[in-house]
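The values are calculated or read from the model by the stated rules, or taken from the named source; none is laboratory data. Nothing here was measured: the structure is a model prediction, and the numbers come from that model. Backbone-built Cβ (ideal geometry, glycine too); neighbour counts: all protein chains shown. Surface areas here come from the heavy atoms of the whole protein model, side chains and all, with no ligands, DNA or RNA. Shrake-Rupley method; radii C 1.70, N 1.55, O 1.52, S 1.80 Å.
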There are 2 protein chains.
Amino acid sequence: MTPRMNTQRTDAQRMDAQNALDRLIILFSKLPGIGKKSAGRIAYHILDNNPALAHTLAKELSGLHQAIRRCGTCGGFTETDPCQVCCDPARDHSIICVVECAQDMRIIEDAREFPGVYHVLGGLIAPLEGVSPADLSIEKLAARLSGNASAVKVKELILALNPTIEGDTTALYLQKLFNSYDVEISRLASGMPVGGNIEYIDKLTLSRSFRGRVKV
Amino acid sequence: MTPRMNTQRTDAQRMDAQNALDRLIILFSKLPGIGKKSAGRIAYHILDNNPALAHTLAKELSGLHQAIRRCGTCGGFTETDPCQVCCDPARDHSIICVVECAQDMRIIEDAREFPGVYHVLGGLIAPLEGVSPADLSIEKLAARLSGNASAVKVKELILALNPTIEGDTTALYLQKLFNSYDVEISRLASGMPVGGNIEYIDKLTLSRSFRGRVKV
């Protein structure tokens, strides 16, 4: 029992590909981490659900760019400018944590480990992809370190950049650039993740764990 | 260097959790297959992107339930009633493929293997979850088989239900129910997936592969 497909349907199907459901699936599949199958599953879930879900989602999406802007000080996403972190007097404004993007700032905030303020670079130096230091928010960072932008003197700069080639390059660049400034520059420890296993760790990470070993 | 977290920020953070970005992340994380981290990644992607993406997505979502309804014949999602499959004269209306949900219908359509028409049950019989045959679109299927609903006599019913306990139960129920009808009832072959490995296949699937072996 193998009924052959009728090839004449192809054109009708292509036209059908323009209906509202297909358009939504195509849109969803363009979002990061969502493939074609997941996009279908999500669209059908929304369609099966109460229309209120679709309307709430639509409302939030259409208002998103009006509600959220970039903080003029740190560059993170916020509803108020300056953002809640930058204008919080309870935070330590003498420590700046430098991150690649606003999402990294959020992740560090969620860990509730860092009491200082942030600076979002907006990317990492990547010559092969055409990203040079001029494309990043480095001038603004320099202004913050010089004390022109704020009343509080910055004492420490924590570079919370990914331990990748681009992250290392950017960290090295910033370190050299701010060498003459009266500011302590550190970088997040690189090594074995908690719960990790020496057996499965790559050589580079193991080597970094050795070099960065901590006295007990 | 282990700066301790300032616990006074907790309340401010809770208030912050009500901003537009957080609301969107919460909404996304409720969709199937999207966790908290993916939801954050998607929301930041939309925010980083041109506002046009957010607006297009919002427009499609808000118009979705108006544009898409259920086909009165097969029960699939469609912009026109009856749907493009049900009113396509090029398709074989004497073969009905019975599927659990509208998404399964779409997946089978994408495979371009089946030339007939569909019937969406809207679920599977699952007594433990309180889903009885009365909750499914079985009466409508019976009407289609009796020839009351359409001019074309239905000759074959292909049960394209998942090879799970619920799928097996529903298939058995339908088989018994339509036993007296003059219609051939078949079920999708169950066995090893193409590209699969006997070494890793579970016993039940292997046993089904043996029972459903095909002459070469």
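Selection within the stretch B:77-87: residues that are within 10 Å of chain A (Cβ to nearest Cβ) and in contact (Cβ under 8 Å) with a residue 12 or more places away in the chain. The member of this set that is surrounded by the fewest Cβ atoms within 10 Å (Cβ to Cβ) is B:Glu79. Within the stretch A:109-154, the set of residues being in contact (Cβ under 8 Å) with a residue 60 or more places away in the chain and touching a Gly at 6+ places or on another chain (Cβ under 6 Å) comprises A:Ser137 only. Put simply, of B:Gly35, B:Gly63, B:Gly116 the only residue that is at the interface with another protein chain (Cβ under 8 Å from one of its Cβ atoms) and more than 20 Å from A:Pro51 (Cβ to Cβ) is B:Gly116. Beta carbons closer than 6 Å, at least 6 apart along the sequence or on distinct chains, pair a first residue in the stretch B:165-184 that is under 18 Å from B:Gly123 (Cβ atoms) with a second that is part of a loop (DSSP other than H, G, I, E, B) and of a type in the set (Val, Ile, Thr) for B:Thr169/B:Ile125; B:Thr170/B:Ile125; B:Tyr173/B:Ile125. Out of A:Ala111, A:Ala58, A:Ala102, A:Ala90, report the one residue that is among the aliphatic types (A, V, I, L, M), surrounded by fewer than 16 Cβ atoms within 10 Å (Cβ to Cβ) and facing another protein chain (nearest Cβ under 8 Å). When all the criteria are applied, what remains is A:Ala90. The sole residue among A:Ala149, A:Ala189 that is in a loop (DSSP other than H, G, I, E, B), open to solvent by 80 Å² or more (accessible area, probe 1.4 Å), at pLDDT below 90 and among the small types (Gly, Ala, Ser) is A:Ala189.
Scanning the stretch A:99-117 for residues that are modelled with pLDDT of 90 or more, in contact with a Ser or Thr (Cβ under 9 Å, 6 or more places away or on another chain) and farther than 16 Å from B:Arg41 by Cβ yields A:Gly116, A:Val117.
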